Every structure is written in C-alpha cells, then in structure tokens.
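The values are calculated or read from the model by the stated rules, or taken from the named source; none is laboratory data. Keep in mind it's a predicted model, so treat the numbers as computed, not measured. FYI the Cβ positions are ideal-geometry reconstructions off the backbone, even for glycines, and counts take in every protein chain you see. Accessible surface is based on the protein model in full, side chains and every heavy atom, while ligands, DNA and RNA are left aside. Shrake-Rupley method; radii C 1.70, N 1.55, O 1.52, S 1.80 Å.
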Amino acid sequence: MRARPSGSALAAFEEVYRGNVSAVTAYFARRCVDPQTVADLTSETIVRAAAGFSGFDPGRGSARAWLFGIARNVYAGYCEQMSHGKVAVARLAGVADLPADEIDELTDRIDAQAAARDLLERCRGLPELERAAVELVDLDGLTPKEAAAALGVPRGVLRMRVSRGRARLRKEHYSDE
C-alpha cells in the first residue's frame, strides 16, 4: 500500500489490518508456541497500530513495513517482560482466555511455522541486524525496501546484511553436514 485509500481513516486502517493480520499472526507464531500469547501479541500490535495510524506516513514506507516495525517492538517488549517475570502477573490481571476454536486455529498456525522456527533458531547466532534483516525478508516476506523501513536503515545496508546473514547460514548448514 503506497498511499492511503480514499475515505475515512478507519476504512484505511481496516484495509491495512485485513491485508496484514495473517502475516503479523504468523510472525508471532514463529516465535511463540502458546496460542494465547500469539493472540495477545497480535492484538497488542493491532491496538498500537490503530492508536498510531494518524502518524503513519506512506512516504516513509509501506503500511506493511510500518506494521512489522510495531510488531518487532511489541515482541521486544514481551521478551523484556518475560525476562522479568511480568507476563504471568499481567495475564492474571484479567485478560480473557481464547475460545477453544480460536485456540485450535492458532495451534494449527503455530504448527505450520515449525520449519520457520527452526530457521529462527539457526539465526540466533547471527549479529542482531543480520538476524533481523534475514527474518523480515526471508521469513516474513517483506521486500528489502519494506524491511529497511521497518528497521530504520538504508536499503543498501539492509541488502548487505541479508546477503551476509544468508552466507553465514549457508556456511553453518554445510559445515553441519
């Protein structure tokens, strides 16, 4: 999406939501195995995006890149909370549990991301920017331009980091055989 569609901001956000909610859910399903956590992180991302949509500037990048930037921040916050044990307390504070049919659907999505989780695990040894670049381009399907916008780096830097990350992963893969 390059420019906001005509009509209200709500209609524009709805278009962004509908076009990207599955990809955002898959992003979290590759990183978490608990359906409730995947749903909570996806919801948090959408809520933050809705709250900040008025500040979205299509001139700086696509809505997809913007949304994945938010998702990365939500996940980083979740990891920070996990490291301090705050997630359990927050969950006990009244977050409603998912209905069984939604849990089943999310469990299927999580299972479908098993191979991608293996690749994520292999990426953990990469330097931070290379890992993030490979994840966004190769796993999340963002274009290099979108990934560069999500990470706040120039496209040339992103392309170099993706290339280096892929080379390191290939080298590691072939050395394991």
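Remarks
- Cβ-Cβ under 9 Å pairs, at least 6 apart or on other chains, region 118-130 side without any contact (Cβ under 8 Å) to a residue 12 or more places away in the chain, far side surrounded by 12 or more Cβ atoms within 10 Å (Cβ to Cβ) and assigned to a loop (DSSP other than H, G, I, E, B): none
- Residues of region 36-52 satisfying the condition of being out of contact with any Lys or Arg (no Cβ under 8 Å at 6 or more places or on another chain) and open to solvent by less than 10 Å² (accessible area, probe 1.4 Å): 45, 49
- Count of residues meeting criterion [within 19 Å of residue 126 (Cα to Cα), at pLDDT below 90 and surrounded by fewer than 16 Cβ atoms within 10 Å (Cβ to Cβ)] in region 153-177: 7
- Qualifying residue in region 73-96 (condition: at pLDDT below 85, outside any helix (DSSP H, G or I), of a type in the set (Val, Ile, Thr) and farther than 26 Å from residue 147 by Cα): yes
- With respect to the conditions (1) outside any helix (DSSP H, G or I); (2) open to solvent by less than 10 Å² (accessible area, probe 1.4 Å), residue 33 falls short on a single one, namely (2).
- Residues satisfying the stated conditions in region 5-22, i.e. of a type outside the set (Phe, Trp, Tyr) and at pLDDT 90 or above: 14, 15, 16, 18, 19, 20, 21, 22
- Residue 69 satisfies every condition listed in (1) crowded, with 18+ Cβ neighbours inside 10 Å; (2) out of contact with any Gly (no Cβ under 9 Å at 6 or more places or on another chain); (3) small (Gly, Ala, Ser); (4) at pLDDT 90 or above except (2).
- Residue check: residue 49 meets all listed conditions (1) within 19 Å of residue 149 (Cβ to Cβ); (2) out of contact with any Leu (no Cβ under 8 Å at 6 or more places or on another chain); (3) small (Gly, Ala, Ser) but one, namely (2).
- Test set (1) surrounded by 15 or more Cβ atoms within 10 Å (Cβ to Cβ); (2) modelled with pLDDT of 90 or more - residue 61 fails condition number: (2)
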